[in-house]
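Below is one structure, written out as structure tokens; the observations come after it.
The values are calculated or read from the model by the stated rules, or taken from the named source; none is laboratory data. The shown structure was predicted, so the numbers you read here are calculated from the model rather than taken from an experiment. Please note: Cβ atoms are built from the backbone with ideal geometry, for glycine as well, and neighbour counts cover all protein chains shown.
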Amino acid sequence: MDINLDNILIGDTIYIVGHKKPDLDAVVSAYSYQIYRHARGDFNYTAIRCDDINPLTKWAFAHFKLEVPMLMRDISGRKVVLVDHTDPVQRADGWEKAEIIEVVDHHNLKLETTIPPKITIRPYGSSTTLIGQKLIRSNVKIQPNVAGLMLSAILDDTLALRSPITTYVDRSVAGELSAIAGISDISSFARELFDNKDVWLKMKAAEIINADFKEFESGGVKFSITQVETMDNQKFGSKEKEIISALKKANSQNPMNIRIVMLTDLIRNDCILLVDGDKVNDLEKIFNSKLENGNRMYLPGVLSRKKQLLPPILEYYLKESN
């Protein structure tokens, strides 16, 4: 392997950071990209996170006996690599005063203000897949516990390789990582993974709506989508009113046109939307489905926030604004 000796311990620290309200993929992609850069001799690259981690991320790092990247909420004045996001509303505090030097992502590009010199975007199911591919192609030795952690992030972001966003590259990289990690039964491991993620009913409604929260804007319309992945979304029946109430409270404090909590069922392959906002009725036209009591919608066959829920909303308001 060629090592770039010019960069060893020279220059400013470059921080690798995922999005706010980080999921497992955001934290692991930063962690694994640090490994990739260090393997190239770029030891001034450091993985961080800009927000608190969720229970699954805490479990995964503990399970594989690895240390979670350090917390840095404000990146003002720093040189940074953005992983698993580009959208300004999802960036760490202080990004306007930071220097974005690189992007590694699997979402649509949103860099209206700053264009870094290096951008790597692939339409894979997770950012960790992209980085795993880089590590494998570069013949970097991946430790078994790191491979297990990376596999966890890919399985989480692709809903155990069953989400519509899953590609053959995700499956290929997941297969290679599972072999390195000594995980012979990916299905059983995925079940263990999601069992440790499915702790929603133990959480308060306010914690649920902020756990996997992403904010968007299209045609001047502000909206957010929180995805809750569960083995049984029907068990939320008694908690739905509490979640809707929490959405209304959040909207009174920070108004958005639409707030959505997407209860994704990994077994039945469907979702329930719990919503609030002054434009929620538009969802009936967007998805050709009725709202129950003005704040609940059932969407069979819809699993992916990125590929199935978000694009129709973005497209609808983009057309409305033209």
Among the residues listed as 290, 279, 285, 319, the single one being in a helix (DSSP H, G or I), more than 20 Å from the chain's Cα centre (by Cα) and modelled with pLDDT of 95 or more: 285
Tally, over the range 1-57, of residues that are at pLDDT 95 or above, of a type in the set (D, E, K, R) and assigned to a helix (DSSP H, G or I): 2
Positions within the range 82-98 being crowded, with 23+ Cβ neighbours inside 10 Å and assigned to a strand (DSSP E or B), in sequence order: 82, 83
Selection within the range 26-57 - crowded, with 22+ Cβ neighbours inside 10 Å, β-branched (Val, Ile, Thr) and without any contact (Cβ under 8 Å) to a residue 40 or more places away in the chain: 48, 57
Filter pass, residue 169 being outside the structural domain of residue 301 (by TED's automatic domain parsing) and buried (at least 21 other Cβ atoms within 10 Å of the Cβ): no
Top-ranked residue in the range 126-150 [being more than 11 Å from residue 32 (Cα to Cα) and of a type in the set (A, V, I, L, M, F, W, C); ranked as nearest to the chain's Cα centre (by Cα)]: 136
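Residue by residue, here is whether (1) among the hydrophobic types (A, V, I, L, M, F, W, C); (2) more than 22 Å from residue 266 (Cβ to Cβ); (3) modelled with pLDDT under 95 holds:
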residue: 147; (1), (2), (3): yes, yes, no
residue: 165; (1), (2), (3): yes, no, yes
residue: 168; (1), (2), (3): no, no, no
residue: 196; (1), (2), (3): no, no, yes
Enumeration of residues in the range 96-145 that are in contact (Cβ under 8 Å) with a residue 60 or more places away in the chain and small (Gly, Ala, Ser): 126, 127, 132, 138
Residues being more than 17 Å from the chain's Cα centre (by Cα), within 21 Å of residue 25 (Cα to Cα) and assigned to a strand (DSSP E or B) - total across the range 224-272: 1
Residues that are free of Cβ contacts under 8 Å to residues at least 24 places away in the same chain and out of contact with any Leu (no Cβ under 9 Å at 6 or more places or on another chain), drawn from the range 256-288: 278, 288
